[in-house]
1. Using modelled backbone amide H atoms (1.01 Å from N, in-plane), which distant-in-sequence or interchain residues come within less than 5 Å of F52's amide H?
2. What residues qualify as long-range amide H neighbours of Y63, i.e. H under 5 Å apart, gap of 5 or more or another chain, H built at 1.01 Å from N?
3. Once phi is turned into θ = phi - 60°, what whole-Hz ³J(HN,Hα) does the Karplus curve with 6.51, -1.76 and 1.60 give for every residue of the stretch 201-209, x standing for Gly and Pro?
4. So what is the calculated 222 nm ellipticity per residue for the chain, using -39500 (n - 2.57) for each DSSP H run with n of 4 or more, over all residues, to the nearest 500 deg cm²/dmol?
5. Of F180, V29, T100, whose Cα points farthest to the positive end of the dipole of the chain (charges on the beta-carbon: +1 Lys, Arg; -1 Asp, Glu; origin at the Cα centre)?
6. If you plug each phi of the stretch 60-66 into the Karplus form 6.51 cos²θ - 1.76 cosθ + 1.60 with θ = phi - 60°, what whole-Hz ³J(HN,Hα) values come out, in order, with x for Gly and Pro?
7. How far is the Cα center of the stretch 148-212 from the Cα center of the stretch 40-79, in Å?
8. Report, in degrees rounded to the nearest 10, the 0 to 90 angle that the Cα long axis of helix 92-120 makes with the longest principal axis of the chain.
Amino acid sequence: MKLSGLSEGDDDRSRLLVRAMQFVLFGLVVYGAATLQLGMVANGLLALAVTFLPAALRREYGYTMAPGLVLWITVAIFLHSVGSLGLYDQFSWYDEITHTVSATIVAGIGYAALRAFERHSDDIDVPSEFRAVFIVVFVLAFGVIWEVFEFGAVFIAQLLGVSSPVTVYGIDDIVTDMMFNTVGAVLVAVWGTGYFGGLVSFLRRRLESEGG
């Protein structure tokens, strides 16, 4: 199954939802700037940059990402960003949802990269069972890097005397994060790889282009 198989009406609704979430993210940036919450500003600007990445890929490389996949990515970054309004503190399950959704995007990117390298080189032939293992390991590795980034961001923010764009809640929270990262990875490994077929083809073309 591919997200590119959505109807034209579904595509239009996906684009409309993406624009609505981008508008809200821009509002967060403005609000953060007006209230001198630099962490919120940084968070919102980074989120906006990610949501405009599909448009940048289309402009620079002629790759049109499926509207459904663009919506998927935007939802993941949107959920994380609006959590800075206090949702993480008010609802313990909110962090679990954001990590699961975000992990599905990371898993899809890891899968697409692996498959692109497979199709690009005759020397690489990965059994389908190992692809699932790779997806989970890739997501967990990214999760570790993200946790280190969070600790680093909090430490630097404390040194500078400004609010951090992220919050570290402790070891128990990290364990929970990794558990739900795994859930997202397994969902993609078992049911979701077909949604990233267009990205696989794009990455393969880029590899062929770079390889001359």
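1. Under 5 Å from the amide H of F52 lies no amide H from a residue far enough along the sequence or on another chain.
2. Those qualifying (amide H under 5 Å, at least 5 residues apart or on another chain) are R58.
3. 4, 4, 5, 5, 4, 5, 5, 5, 5
4. Rounded to the nearest 500, the figure is -26000 deg cm²/dmol.
5. The residue sitting farthest along the positive end of the dipole is V29.
6. Values, residue by residue: 7, 10, x, 9, 9, 6, 4 Hz.
7. Between the Cα centre of the stretch 148-212 and that of the stretch 40-79, the gap is 14 Å.
8. That works out to roughly 30 degrees.
Quick note: the coordinates plus some simple rules give every number you see, no bench work behind them. As the structure is a prediction and not an experimental result, all values here were calculated from the model. When we count neighbours, we look across all protein chains shown, and the Cβ atoms used for this are built from the backbone with ideal geometry, even at glycine.
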